[in-house]
Every structure is written in structure tokens, then in C-alpha cells.
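Below is one structure; the comments refer to it alone.
The values are calculated or read from the model by the stated rules, or taken from the named source; none is laboratory data. Note that the coordinates shown come from a computational prediction; the quantities given were computed from them, not determined experimentally. Glycine gets a Cβ as well: all are built from the backbone with ideal geometry, and neighbour counts include every protein chain shown. Remember, those area values only see protein heavy atoms, side chains included, never the ligands or the DNA or RNA. Shrake-Rupley method; radii C 1.70, N 1.55, O 1.52, S 1.80 Å.
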Amino acid sequence: MRLRLLFSVLALMLLAMAGNAAAQARRGTGTRPATANPSPTPASARTLANGQPLPYEPPPQPVAIDIGKTVSTTPWSIVALLTVLTLLPAIMLAMTPFVRLLVIFHFLRQALGTQTIPTNQTLIGLSIFLTYFVMQPVGMTVYQKAVVPLEKGKIQVVTALDRGTEPVKEFMLRYTREKDLALFVELSKEPRPQKPMDLSMRVVVPAYIISELKVGFQIGAVLFLPFLVIDMAVASITTSMGMMQLPPVVISTPLKIMVFVMADGWNLLVGSILRSFY
């Protein structure tokens, strides 16, 4: 109650101060409050100081925008570019080696025992640039077969899409297991194709993602083995020496990092991953 009374008194004081300030400003300037409906001044009464009439000014005209004309004149290249930028994250995840690289690097971090080093941003950035390194020849092929003829007006957009998906499909089929392809062909109820290139993208893309995940988990399991041996050896030694209160991780983590650095692990790992694509 006291707080409410205090706030009420403060509000009344502020209102009184504002009213006094407005009254003083009105008396100082000698102005009167504007009426609700001031009478408009006719054009003939508007004159300059020397008695000459002001020039006639036409009223502003409303601006009309033809939406249909604006949409029809929008370049299709801008529309296509915005569409590609919107779908770029999904394309990178589904049709490139980005998934395999990121899974391997996360397994490596877990095997080393460093929970936040390297950071997620570092691993994602490294995966993106390695993906660009692997997919750059495919991108150049797509550009030469689809983008250049489309810019010159030799082919339509649909034809450019068909030509652009061929190199990407060929790349994905190269690293997709037949078992995964057969699974999605069976689930999609599509007829058995004469050759792998006859498969649709709705079959190739999910089969490629599953194959990449399997390869990533296989490489991650292999990476775990040497570091697992170090953990077991350190745990056995500390237990045999009676150091029950000392966690083995305190000793094994520096040893694993030292072994990884001395073996030039980043060079070996990245080199082995990239050689699997060539």
C-alpha cells in the first residue's frame, strides 16, 4: 500500500511539472493552441512578403505499382539464385561428402577425449572446405554442361536441371552401395532400371546418405581403437599401482593428444579421407 501511495504521489508530481513546463513555454513563445479544424488558406491568399503570389503547386499524385508487370520483368536468374541459396544447406548435407567428413571428425574428437576442442564451428568449417575440394570438379562439370548453355539461351531451365543433375548423380552412385540402392528401389515400387544412371534422384539421394553414414561410422570405429588401447593401458597401470582416487582420464587424455600430434594425425586422417574419393 505504501509503495502504491508513493508511486501515485510521484506520478502526480510529474504531471504537475509537465503542465507547468508547457504553460511556461506557451507564455514565452506567445503562441496559442491550434484549433481542431483550422480554416484552409485559399491559393489566392498565399503571397510572398513583397506581395507577389506564390506559384501554383499541383497536389501530389498517388504512385501506382503494377505487381504483375514487376513480377514478369524480374530476371529468372535472380529467382533461381535465391532458390539455390535457400536449398543450399540441404543440398550440401544430402548430395556431398559433408556428412561423412563431419561424422569422422566428431568421432575423432570423442576418441581423443576433448569434449569441445576442436569446436563445432572449426569442424564444420573444415568439413565445408574439404567438401568444396572434393566437389569442385563436379561443380565445374555442372557449370559447363548446364549453366553456360542456359546463360547463352541455348537451352531451357528444365533441360539445364536435367543436365546439371547428371554429374552429381554419377558422383553419388560411385560411392553408394548396391544394397542401399536396392532397398530404396524396392520401397519406391519403381521398375528395376537397366543401368544405375536410370535411377531417379528420390532413390539415389537417400541411398547415398545411408552409405555415407555407414562409411563414416566405420572410419570412426577404426579411429577409436588405438585410443581405446591407451585408455585401457592407463586404467590398468593406475589400478595396479593403487591409485584409485586418480581418474585414468587425467593421464590418458594428454597421452592420446601427444600420440596424435607426434604421428601427424591430422595430415594422415585428412589425406586418407581425400584419397578415398580419388
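The slack in the chain from L187 to F277, taken as 0.36 nm per residue of separation less the alpha-carbon distance, amounts to 29.5 nm.
Can you figure out the FRET efficiency of V147 with R177, using R₀ = 35 Å and their beta-carbon distance, to the nearest 0.05? Efficiency, rounded to the nearest 0.05: 0.70.
For Y143, the accessible surface of its heavy atoms amounts to roughly 100 Å² (probe 1.4 Å, protein chains only, rounded to the nearest 10). Rolling a 1.4 Å probe across all protein chains gives M262 an accessible area of roughly 150 Å². Taking only protein heavy atoms and a 1.4 Å probe, the accessible area of segment 98-224 is 63% carbon and sulfur.
For the peptides 159-166, 212-219, 268-275, the ranking by mean Cβ contacts within 10 Å, running from highest to lowest, is 212-219, 159-166, 268-275. Solvent exposure of K154, expressed as accessible area, is near 150 Å², computed with a probe of 1.4 Å over the protein chains only. On full extension, the segment bounded by I128 and L93 gains 11.6 nm, given 0.36 nm per residue less the C-alpha separation. Modelled label positions at M140 and Q121, each set 7 Å beyond Cα in the direction of Cβ, lie 3.3 nm from each other. In the context of the full set of protein chains, segment 157-208 has a per residue accessible area of 65 Å² (1.4 Å probe).
Classification of segment 202-267 by its C-alpha gyration tensor yields a prolate form. The axis ratio a/c (a ≥ b ≥ c) is 1.5 or more, and a/b outweighs b/c. Per-residue extension of 0.36 nm, minus the Cα-Cα distance of V79 and Q110, leaves a gain of 6.9 nm for this segment. Which whole-percent values make up P(r) of segment 140-250 when all C-alpha to C-alpha distances are grouped in 10 Å steps starting at zero? Here the calculated profile for segment 140-250 is 12, 25, 20, 15, 11, 10, 6, 1.
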